[in-house]
Amino acid sequence: MEAAYLAVARFRKPHGLKGEAVVWVLTDDPDEVFVTGRLLTPVDEAGTPVGEALEIERTRPFHRAWLVKFKGIEDRGVLEQWDQMLLGVPKAELKPLGEGEFYEHDVPGSSVVVDGEVIGEATGLMDIPGGKLLCVDVDGKEVMVPFRDPILIGVDRVARRVEIDPPPGLLDL
């Protein structure tokens with residue numbers, strides 16, 4: 001069963017003294033998601049609400065993150081308790097996925113395929129400065145593969161399958 005809410009941001013830290021928060025963006029459409037009046041709901045990794053919705057009072061891009069001021073939060077004290085909290089939006093409020101698009105939460109648990117052969121199972125994606133790494137369990141050994149062209153061939157959400165074309169030796173590291 002798919003989650004009713006999708007995480008669109010992860011709280012990083014308070015900013016200043018008047019209740020602004022720095023959040024990492026987890027959506028490709030931050031300009032459409034982080035708008036005044038939008039309700040963001042604390043959610044767990046499965047997309048289940050774990051707290052009351054928070055209304056965005058104002059927001060703006062900030063370096064590689066976003067600054068968000070929530071209505072009713074006037075000092076950093078409340079924010080200091082949010083440690084890496086995920087913030088979600090009802091899936092129905094987000095634009096539908098286009099052809100070939102997928103949600104990051106679709107990847108863990110997918111079969112990882114090389115040349116038509118299943119080599120392991122995706123355990124997750126890891127953010128690094130240069131992009132993302134696909135974490136793959138190959139016979140009990142964790143292998144990390146760059147999650148980008150030309151290595152990433154495609155992700156099939158329905159079949160729960162990630163196809164890759166790693167360079168020789170990458171899976172042996």
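I'm trying to understand the selection: among the residues of the range 138-150, which are in a loop (DSSP other than H, G, I, E, B) and surrounded by 15 or more Cβ atoms within 10 Å (Cβ to Cβ)? Listed by number, the list holds a single entry, Phe147. Looking across the range 121-130 at every residue that is over 10 Å from Val162 (Cα atoms) and in contact with a strand residue (DSSP E or B) (Cβ under 7 Å, 6 or more places away or on another chain), the one that is surrounded by the fewest Cβ atoms within 10 Å (Cβ to Cβ) is identified as Met126. Taken over the range 87-113, the residue count meeting the criterion of being buried (at least 16 other Cβ atoms within 10 Å of the Cβ) and either aliphatic (A, V, I, L, M) or at positive phi (or both) is 6.
Pull out all pairs, ordered by first then second residue, where Cβ-Cβ is under 8 Å, the residues are six or more apart or on different chains, the first lies in the range 29-43 and is without any contact (Cβ under 8 Å) to a residue 60 or more places away in the chain and farther than 11 Å from Lys69 by Cα, and the second is small (Gly, Ala, Ser) and part of a strand (DSSP E or B). Hits for this filter: Leu40/Ala9; Leu40/Gly88; Thr41/Gly88; Pro42/Gly88; Val43/Ala7; Val43/Gly88.
Which members of the range 25-82 meet the condition of being crowded, with 16+ Cβ neighbours inside 10 Å and among the aromatic types (Phe, Trp, Tyr)? Listed by number, the residues that qualify are Phe34, Trp66, Phe70, Trp82. Has the range 56-74 got at least one residue that is touching a residue at least 60 places away in the same chain (Cβ under 8 Å) and of a type outside the set (Asp, Glu)? Checked the range 56-74: no residue is touching a residue at least 60 places away in the same chain (Cβ under 8 Å) and of a type outside the set (Asp, Glu). In summary, strands (runs of 3 or more DSSP E) completely within the range 54-137 and bearing 2 or more residues that are among the basic types (Lys, Arg) occur at 54-62.
Values quoted throughout were computed directly from the atomic coordinates according to the rules given, and no laboratory measurement underlies them. Small disclaimer: the values here were computed from a predicted structure and weren't measured. Every residue, glycine as well, gets a Cβ built from its backbone with ideal geometry; the counts of neighbours run over all protein chains shown.
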